[in-house]
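Written below as structure tokens is the structure these notes are about.
The values are calculated or read from the model by the stated rules, or taken from the named source; none is laboratory data. Model, not experiment: these values are computed from the prediction. Neighbour counts run over all protein chains shown; Cβ positions are idealised from the backbone, glycine included. Please note that ligands, DNA and RNA were not included when accessible areas were found on the heavy atoms of the full protein model with its side chains. Shrake-Rupley method; radii C 1.70, N 1.55, O 1.52, S 1.80 Å.
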Amino acid sequence: MKILVTGGTGYIGSHTCVELLDAGYEVVIIDNLSNSKIDVVDKIKKITNKDFKFYKGDLCDYNILDKIFSENKIDAVIHFAGFKAVGESVSMPLKYYRNNLDSTLTLLEVMNKYNCKKIAFSSSATVYGKPESLPIKEDFPLSTTNPYGTTKLIIEGILRDLYKSDNEWSIAILRYFNPIGAHKSGLIGENPNDIPNNLMPYIVKVATKELDCLNVFGDDYDTKDGTGVRDYIHVVDLAKGHIKAIEKILNETGIDAYNLGTGNGYSVLELVNTFKKVNGVDVKYKIVDRRPGDIDACYADNSYAKEKLNWEAKLGIEDMCKDSYNFVKNSNEKK
Ligand code: WQD
């Protein structure tokens, strides 16, 4: 079976390609390298000792997608490619709507042309907005507070309308909570070049002294220690969830959404203290004002994914902290 992975050299995409290849799937990657590096291709090959095709290109380019589908019999697609920085989406909404929607529409049109009607879509828990209660279930109300999240919600709607128009489609909408961690090899992971928006990459840069001090955005939330609570999930567990979703969509038609989270919520300070303990490093931080748009707490009810995908997260917060740090240390040593 041959799977096209859009955004396959990205953080979650690269980990998913490793799991696909290890599970015996053939893989084709398309990525425009706008938020990833070409050396990830060789790292995936090194980890898996498997070969695969890589196409450098933009999903908005109909011709490159047409070329891929004419040169490869694609059985299913995992669609990661898209801009994903919440803050940037607020300041540059047109860039986000144009890119994330255009690329998806072009992909779906070409898939339809080649009668490839199986797709797993990278959505996000951000589509739940501020949940009325916890843990969050898939049938909770959907609402978004930023253009990035809104593009995810719009695409979920496009997929539902597509299925309504043609029941031959098989669609898995995967709503990620907070992916962190890295592959045990230390060869792939998350290490943004610029100042990270997200918590774990920022913690790692403070631990490696690239940045001086972590700003903890508020300690007056309605949570165990006042700092924000999130459902952190190891990126390898998340990748394995995609394998289960592919198995499902290859064998049936229909459309459904699944929460890919651990079901456990950890506060900012819990994550910082765990990181310090397991890695034996200091992480300087100071409490500052809340970040606009942040919610108090968010964690998944993952029972539906367990039941329907026969999947559950196995790795804990200590693994996530150890593997995140190991990857960046490994990367820095190679610089
Ligand atoms: C986590 C917690 C912050 C940075 C976002 C997107 C979501 C998904 C994951 C794409 C919060 C606190 C953070 C810092 C801090 N991305 N924090 N200091 O906001 O839960 O989710 O990333 O799909 O769609 O919304 O993740 O890592 O930014 O924040 O105190 O420097 O850490 O307030 O409580 P978030 P995050």
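Going by what's in this entry, would Tyr202 be described as in a loop (DSSP other than H, G, I, E, B), in contact with a strand residue (DSSP E or B) (Cβ under 9 Å, 6 or more places away or on another chain) and within 15 Å of the ligand (Cβ to nearest atom)? No; evaluated as a whole, the condition is false for this residue. Here Ile295 clears all of (1) near the ligand (Cβ under 9 Å from one of its atoms); (2) part of a strand (DSSP E or B) except the condition numbered (2).
Only one of the listed residues (Lys286, Lys314) is closer than 16 Å to Ala207 by Cα and either touching a residue at least 24 places away in the same chain (Cβ under 8 Å) or not acidic (Asp, Glu) (or both). That residue is Lys286. Just name the residue that is nearest to the ligand (Cβ to nearest atom) out of those in the range 155-171 that are in contact (Cβ under 8 Å) with a residue 60 or more places away in the chain and over 27 Å from Tyr96 (Cβ atoms). This residue is Ser170. Scanning the range 15-24 for residues that are over 18 Å from Phe121 (Cβ atoms) and either touching a residue at least 40 places away in the same chain (Cβ under 8 Å) or open to solvent by 10 Å² or more (accessible area, probe 1.4 Å) (or both) yields a count of 4. Residues in the range 92-102 that are more than 13 Å from the ligand (Cβ to nearest atom) and either open to solvent by less than 20 Å² (accessible area, probe 1.4 Å) or under 29 Å from Lys117 (Cα atoms) (or both): Leu94, Lys95, Tyr97, Arg98, Asn99, Leu101, Asp102. Scanning the range 62-91 for residues that are within 16 Å of the ligand (Cβ to nearest atom) and either free of Cβ contacts under 8 Å to residues at least 24 places away in the same chain or acidic (Asp, Glu) (or both) returns Glu88, Ser91.
Can you tell me which residue is farthest from the ligand (Cβ to nearest atom) among those in the range 180-197 that are touching a strand residue (DSSP E or B) at 6+ places or on another chain (Cβ under 8 Å) and modelled with pLDDT of 95 or more? The selected residue is Gly181. Quick check on the range 251-274: of everything there that is more than 21 Å from the chain's Cα centre (by Cα) and in contact (Cβ under 8 Å) with a residue 24 or more places away in the chain, which residue is least open to solvent (accessible area, probe 1.4 Å)? Of everything passing the filter in the range 251-274, Val272 is least open to solvent (accessible area, probe 1.4 Å).
Selection of first residues in the range 290-301 that are basic (Lys, Arg) and of second residues that are near the ligand (Cβ under 8 Å from one of its atoms), restricted to Cβ pairs under 8 Å at least 6 apart or on distinct chains, gives the following pairs, ordered by first then second residue: Arg290/Phe217; Arg290/Gly218; Arg290/Tyr221; Arg291/Phe217; Arg291/Gly218.
Here Glu307 meets each of (1) assigned to a loop (DSSP other than H, G, I, E, B); (2) more than 24 Å from Gly129 (Cβ to Cβ); (3) not hydrophobic (A, V, I, L, M, F, W, C) with one exception, condition (1).
Considered as a group, the residues in the range 194-227 that are closer than 13 Å to Ser267 by Cβ and among the hydroxyl-bearing types (Ser, Thr, Tyr) include one that is surrounded by the most Cβ atoms within 10 Å (Cβ to Cβ), and that residue is Thr227.
Residue count for the range 124-166, restricted to those that are open to solvent by 70 Å² or more (accessible area, probe 1.4 Å) and of a type in the set (S, T, N, Q): 2. Would you say Leu174 is under 14 Å from the mean Cα position of the chain (by Cα) and more than 9 Å from the ligand (Cβ to nearest atom)? Yes.
In the range 144-154, the condition of being within 16 Å of the ligand (Cβ to nearest atom), basic (Lys, Arg), part of a strand (DSSP E or B) and closer than 18 Å to Asp256 by Cβ is met by no residue. Give the residues of the range 151-191 that are among the polar types (S, T, N, Q) and more than 28 Å from Leu271 (Cα to Cα), sorted by residue number. Selection gives Thr151, Ser165, Asn167, Ser170. Of the residues contained in the range 278-289, one or more are found to be surrounded by 15 or more Cβ atoms within 10 Å (Cβ to Cβ), farther than 21 Å from Asp212 by Cβ and either away from the ligand (no atom under 16 Å from the Cβ) or not charged (D, E, K, R) (or both). Of all residues in the range 215-273, count the ones that are part of a helix (DSSP H, G or I), within 14 Å of the ligand (Cβ to nearest atom) and among the acidic types (Asp, Glu). Result for the range 215-273: 1.
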